[in-house]
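Down below is the structure, laid out as structure tokens.
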Amino acid sequence: MSRLFDTLGRRALFLFDPETAHGLSIKGLKSGLVPTCRPAADPRLEQVVAGIRFANPLGMAAGYDKNAEVPDQLLGLGFGFAEVGTLTPLPQAGNPKPRMFRLEGERGVINRLGFNNEGHAAALLRLKARRGEGVVGVNIGANKDSADRIADYVLGIRAFYDVATYFTVNISSPNTPGLRDLQARASLAELLAAVLAARKEEAGRSGRSVPVFLKIAPDLTPDGMDDIAAEVLSHPLDGLIISNTTLSREGVCDPQAKEAGGLSGTPLFIRSTAVLAAMRKRLGPDLPIIGVGGVSSAETALEKIRAGAHLVQLYSCMVYEGPGLPGRIVRGLSALMEREGVSSIADLRGSKTDYWAEKA
């Protein structure tokens, strides 16, 4: 029944342009039209990462629920966690439309949205009004015209500290001019120092230390990865999210590939997984990593974990597979645990790091 709903829903949504379809899917979740399909709990999939208990390792990536409208509904689809945002201090419209494009033959998506969101205040009201439980991360960014982008990230920490299960500092979007410059070593050092100092102050006030993750791009040189790894290891950061969308169009033949913006979905899988493994080699075995990019099945989710991820996220592949995808992946992971004969999915982590790192 789930597959039929997904097929019919996809056909209906594909009658609309991608951004309109995205808005309709949010409305569908809000209204209850989209059925929940939370899989049965499986202790083999549970993990404690950065002090947080995750019922399963699959999360919804930032970019879908930009304004924190449906985090609990997403958890109801089977996700072990949901990440809202990217949220900037002030509302902003983002880049001119059209700014989302489907690469149907490649099962990919290009976007140049530009952190379009309603700002901190609107999202904070929604998160404070949550009735459900579950892990909800808050992805924070900077306004395009900000005079002090680092200060914008600090504002994000302070604004959402009491409602976020974890934070993601997003410096990896290609659609805000100059944002990826914050990945350069000196800028990154300044950013991490400011953000983590704000976290320390808020922890002292609240008595609770909220984990902070850093989200990076897949378009990094080896030297760039070295610099990021050095700064990450020299700060009390809780983990990395690898990766955001890519500017590369290598191997992509769809006519829409000429559009500017970041590419996600199936074409991103190899590049993002290779960078994940390369960073795992640089960081050692313990620092938590969330793997993102091209996750479309239980097999691809597990491959990210074999490459070195603790957790995985998806978004773009659900455009093609429908809202039943997270439930199918989680049930599929349980089946793979049975096949592998392991008592915990963590036992498979890093078993193919060397293989994937060579591809970087």
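The values are calculated or read from the model by the stated rules, or taken from the named source; none is laboratory data. These numbers come from a predicted model, not from an experiment. Every residue, glycine among them, receives a Cβ derived from its backbone with ideal geometry; neighbour counts consider all protein chains shown.
Scan the range 280-297 residue by residue and report those that are at negative phi, in contact with a Leu (Cβ under 8 Å, 6 or more places away or on another chain) and crowded, with 24+ Cβ neighbours inside 10 Å.
The initial filter retains those residues of the range 280-297 that are at negative phi, namely 280-283, 285-292, 295-297.
Keeping just the survivors that are in contact with a Leu (Cβ under 8 Å, 6 or more places away or on another chain) gives 283, 287-292, 295-296.
Within the range 280-297, 289, 290, 291, 292, 295 qualify.
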- Give the residue, chosen from 340, 321, 303, that is farther than 19 Å from residue 135 by Cβ and surrounded by fewer than 17 Cβ atoms within 10 Å (Cβ to Cβ). 340
- With respect to the numbered conditions (1) within 16 Å of the chain's Cα centre (by Cα); (2) modelled with pLDDT under 95, which one is the sole condition not fulfilled by residue 41? (1)
- List every residue pair whose Cβ atoms sit under 9 Å apart, with the two residues 6 or more apart in sequence or on different chains, where the first one lies in the range 337-349 and is touching a residue at least 40 places away in the same chain (Cβ under 8 Å) and the second, anywhere, is surrounded by fewer than 16 Cβ atoms within 10 Å (Cβ to Cβ) and part of a loop (DSSP other than H, G, I, E, B). 337/343; 337/344; 348/342; 349/285
- Do we find a residue being in contact (Cβ under 8 Å) with a residue 24 or more places away in the chain, in contact with a Lys or Arg (Cβ under 9 Å, 6 or more places away or on another chain) and not in a loop (DSSP other than H, G, I, E, B) anywhere in the range 33-45? no
- Residues within the range 48-62 that are assigned to a strand (DSSP E or B), buried (at least 21 other Cβ atoms within 10 Å of the Cβ) and not hydrophobic (A, V, I, L, M, F, W, C), tallied: 1
- When the range 192-206 is checked residue by residue, the ones that are in contact with a strand residue (DSSP E or B) (Cβ under 7 Å, 6 or more places away or on another chain) and within 14 Å of residue 149 (Cβ to Cβ) are 195
- Query: Would the range 193-207 turn up any residue that is more than 26 Å from residue 119 (Cβ to Cβ), part of a loop (DSSP other than H, G, I, E, B) and not acidic (Asp, Glu)?
  - Reply: yes
- Within the range 158-174, identify whether any single residue is among the hydroxyl-bearing types (Ser, Thr, Tyr) and modelled with pLDDT under 95, and answer yes or no. yes
